[in-house]
């Protein structure tokens, strides 16, 4: 029985589920927002409970949100971690949890057969509302986290990312890594995690996403059931706005490697940004379109300075990072950085060509359905729409909004929002990687 259930789940994972998904929305009696999409034909459902409890809520205890999330299924009620895992496995259900800067979430995927669904949902509700926070489990999970943080110190890419976020965000809650730092995780106690859980894992601060083969009445019952034992609580205060850097900065971190990681950027866009689609489509042309982007063409194809060069906007509740990145040989770092800056400066000055814009729109809209072709992917999008309170027709209008973007809108949005004189640059690599001040100044002037 168990083998067949897992086989069916794996088969269903590959099935297409999206066709102009209709998102329904309501609130529970305790004020939790619910977002529901009925996807008929597949006897499965994804249930996700999302809290405004990401790493931006860590305060001075960097890593507490991540550690709290990791500990939830280590024991709940009278159940041990093994008990919880066995109960999910016995009905073919899959549990998941995670943390980003803005949110923390728990999820369960299960078949909708009542005999299986009811057991999976009951187990999920126990994990959500009755975590044990056992001392031994906590110490084990903290030790695992600290080992991971220690290992992170050996990764130049991780070192670069941490330094970059600090340079871009300063003292903002987005500045620190989600998993925390050794010096902030080590002092954490079980009491700290309990307090964090009690503050943020409450009904008023919760959102439920349900995607699958349920009807509206069943979805309402499901949302009420998973939240039934959570206290109402209070919503936390809003995350403070991001402050733009006052000036450009350049930081080189020595690391014994033959390759150098290069990150350049500043605070970018946020989820409700009216410039979002112009920045998104423009970035696809600049460096987000992988092997068809400007940065890839100039850095990789024409000069062979790196395997790839990319750019990305990571929108969040507040301004997330805009980042350009590449990895190159230590002795080529100065040249690669200069090419990156000059390519960016030219893009700011002239914008994309009509041909580039047409190709980008075709690439984005042509692959859009593939982003929604499973329950899991659709659930991700619905969670984003709900958490950031996007319009319920976001998925239906996405492609038309991409098609409406013009060259002038891209030029205007980048000119107003991405100031080259405020770019933050971080390089991590060997001694030969450190760009000379003269090269940096020349490149910066070209970028302005």
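General observations
- Checking each residue in segment 221-240 for being within 21 Å of the chain's Cα centre (by Cα) and either buried (at least 18 other Cβ atoms within 10 Å of the Cβ) or not in a loop (DSSP other than H, G, I, E, B) (or both) picks out only 239.
Matching residues to (1) touching a strand residue (DSSP E or B) at 6+ places or on another chain (Cβ under 7 Å); (2) surrounded by fewer than 22 Cβ atoms within 10 Å (Cβ to Cβ); (3) in the same structural domain as residue 71 (by TED's automatic domain parsing):
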residue	(1), (2), (3)
150	no, yes, yes
170	no, yes, yes
180	no, no, yes
183	no, yes, yes
186	no, yes, yes
193	no, no, yes
219	yes, no, yes
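- Test for residue 164: is it closer than 28 Å to residue 327 by Cβ, modelled with pLDDT of 95 or more and touching a strand residue (DSSP E or B) at 6+ places or on another chain (Cβ under 7 Å): yes
- Some residue of segment 194-202 being in contact with a helix residue (DSSP H, G or I) (Cβ under 7 Å, 6 or more places away or on another chain) and assigned to a strand (DSSP E or B): no
- Residues (more than 26 Å from residue 55 (Cα to Cα), in contact (Cβ under 8 Å) with a residue 24 or more places away in the chain and touching a strand residue (DSSP E or B) at 6+ places or on another chain (Cβ under 9 Å)) located in segment 83-103: 87, 88, 91, 92, 93
- Single match in 204, 243, 269 (criterion: closer than 25 Å to residue 54 by Cβ, modelled with pLDDT of 95 or more and over 21 Å from the mean Cα position of the chain (by Cα)): 204
- Extreme residue, modelled with the highest pLDDT, among residues of segment 18-30 that are surrounded by 15 or more Cβ atoms within 10 Å (Cβ to Cβ) and out of contact with any strand residue (DSSP E or B) (no Cβ under 8 Å at 6 or more places or on another chain): 30
- Flag: residue 365 does not match the condition of being without any contact (Cβ under 8 Å) to a residue 24 or more places away in the chain, over 20 Å from the mean Cα position of the chain (by Cα), outside the structural domain of residue 157 (by TED's automatic domain parsing) and surrounded by fewer than 23 Cβ atoms within 10 Å (Cβ to Cβ).
- Candidate set: segment 412-448, residues that are assigned to a loop (DSSP other than H, G, I, E, B) and more than 13 Å from residue 345 (Cα to Cα); chosen: the one modelled with the highest pLDDT: 430
- Condition met for residue 116 (in contact with a strand residue (DSSP E or B) (Cβ under 9 Å, 6 or more places away or on another chain), farther than 14 Å from residue 193 by Cβ, touching a residue at least 24 places away in the same chain (Cβ under 8 Å) and surrounded by 20 or more Cβ atoms within 10 Å (Cβ to Cβ)): no
- Residue 283 fulfils the conditions (1) buried (at least 20 other Cβ atoms within 10 Å of the Cβ); (2) within 24 Å of residue 367 (Cβ to Cβ); (3) touching a helix residue (DSSP H, G or I) at 6+ places or on another chain (Cβ under 8 Å) except for a single criterion, (3).
- Of note, residue 326 does not satisfy the criterion of being part of a helix (DSSP H, G or I), closer than 22 Å to residue 161 by Cβ, assigned by TED's automatic domain parsing to the domain that holds residue 410 and more than 19 Å from the chain's Cα centre (by Cα).
- Those helices (runs of 4 or more DSSP H) of segment 332-411 in which 1 or more residues are over 21 Å from residue 315 (Cβ atoms) occupy 333-350, 354-366, 375-387.
- Scan of segment 272-308 for residues that are within 21 Å of the chain's Cα centre (by Cα), touching a residue at least 12 places away in the same chain (Cβ under 8 Å) and not in a helix (DSSP H, G or I), ordered by number: 272, 273, 275, 289
- Looking at 167, 136, just one residue is farther than 21 Å from residue 50 by Cβ and under 23 Å from the mean Cα position of the chain (by Cα), and that residue is 167.
- Cross-chain or 6+ apart pairs with Cβ under 9 Å, segment 395-419 first and at negative phi and free of Cβ contacts under 8 Å to residues at least 24 places away in the same chain, then surrounded by fewer than 16 Cβ atoms within 10 Å (Cβ to Cβ) and part of a loop (DSSP other than H, G, I, E, B): 397/391
- Considering only residues in segment 153-164 that are without any contact (Cβ under 8 Å) to a residue 40 or more places away in the chain and under 19 Å from the mean Cα position of the chain (by Cα), the one that is surrounded by the fewest Cβ atoms within 10 Å (Cβ to Cβ) turns out to be 158.
The values are calculated or read from the model by the stated rules, or taken from the named source; none is laboratory data. Keep in mind the model is a prediction, meaning the values are calculated, not measured. Virtual Cβ from ideal backbone geometry, glycine too; neighbours counted across all protein chains shown.
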